[in-house]
1. Expressed in nm to one decimal, what extension gain is obtained for the pair Ser141 and Leu203 from 0.36 nm per residue of sequence separation less their Cα-Cα distance?
2. Using Cα pairs under 8 angstrom and six or more residues apart, how large is the relative contact order of region 200-254, in percent?
3. Given the pairs Lys78/Lys204; Lys2/Lys78; Lys180/Lys231, which span a C-alpha to C-alpha distance of over 21 angstrom in this model?
4. Under a point spin-label approximation (7 Å from Cα along Cα-to-Cβ), what is the Ser223-Lys45 distance to one decimal in nm?
5. So how do 52-64, 180-192 stack up, highest first, on mean other-Cβ count within 10 Å?
6. Given the Cα-Cα distance of Val168 and Trp181 and 0.36 nm per residue of separation, how much length would full extension add, in nm?
7. Fully extended, how many nm does the chain gain between Ala127 and Gln25 (0.36 nm per residue separation, minus their Cα-Cα distance)?
Amino acid sequence: MKQIPNVFTLLNLVFGCLAIVFTLQNGFIAQTDEQGAPVLDIPEKIWMASLFIGLAALVDFLDGFVARLLKAGSEMGKQLDSLSDLVSFGVAPGMIVYQFLRLSVAREESGLDTSILWMMPAFVLPAAAAWRLARFNLDSSQSYSFKGMPVPAVGIFFASLPLIYWNVNEQWINDIFWNKWFWLALVALFSWLMISTLPLMALKFKDFSFKNNMPKYLLLIISALALVLLKWLAVPFIVLAYVILSLLFKNKTA
């Protein structure tokens, strides 16, 4: 019984590995624009990576829930959880960034001859995630609040981007996603958020009163509205709202 939560944790790891597989199995496909000029794109199969990162997030929640239910929490489980999170929410999103950086660079003039160094910043994301998780394991004060953005939140943000790319039929989305500076800026921002000590709320409740959990309830309301109104664009908006609410109500996030 004590190993059941660890099975969920290892399932998180397996889903992360599958996300990496579906990300890296995609090559480029040749298409033509409205003028008939050849352009490059990534096959839609990469959205499967988003699916498996989402499944990893689900079992990541369930392993903690099952551990509390069975009173089977352990130091080994804590370490396994961080190792699995690094793969599913650090390495797998880093590979998504790598592929979109490849696409962005390849679409430029003479882009196919560009050095691989332009894609290397993608690996800063898993490195920052590793730093964040190691620090978390050494800090026992982050039960009801976090210092820096939690790695699963970053993973979910990046997992939403392929879904947006293939489901939001707007040219401005394509223009942004084909810009390498957009991806480099995201890597810099979210890497900094992970290694920072900004006080961000954990979605755990000591009680269910509105007074003591105002930012959490506001986030739930904003999330519901965003899902209805923004659909595929909701996840980045929710992550932004999470950061802003945490900082606005930093005295209530503990």
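Coordinate-derived values only; no laboratory data. Source: prediction; values computed, not measured. Here Cβ is always computed from backbone atoms with ideal geometry, including for glycine, and neighbour counts include all displayed protein chains.
1. Working: separation 62, 0.36 × 62 = 22.32 nm, distance 1.49 nm.
Residue separation times 0.36 nm, minus the Cα-Cα distance, leaves 20.8 nm.
2. Values: 39 pairs, mean separation 28.5, N = 55.
Across region 200-254, relative contact order equals 52 percent.
3. Numbers: Lys78/Lys204 17 Å; Lys2/Lys78 13 Å; Lys180/Lys231 25 Å.
Checking Cα-Cα distances, Lys180/Lys231 exceed 21 Å.
4. 3.3 nm
5. Values: 52-64: 20.5, 180-192: 17.5.
Packing proxy ranking, top to bottom: 52-64, 180-192.
6. Values: separation 13, 0.36 × 13 = 4.68 nm, distance 2.04 nm.
Extra length from Val168 to Trp181 when fully extended: 2.6 nm.
7. On the way: separation 102, 0.36 × 102 = 36.72 nm, distance 2.25 nm.
Length gained between Ala127 and Gln25: 34.5 nm.
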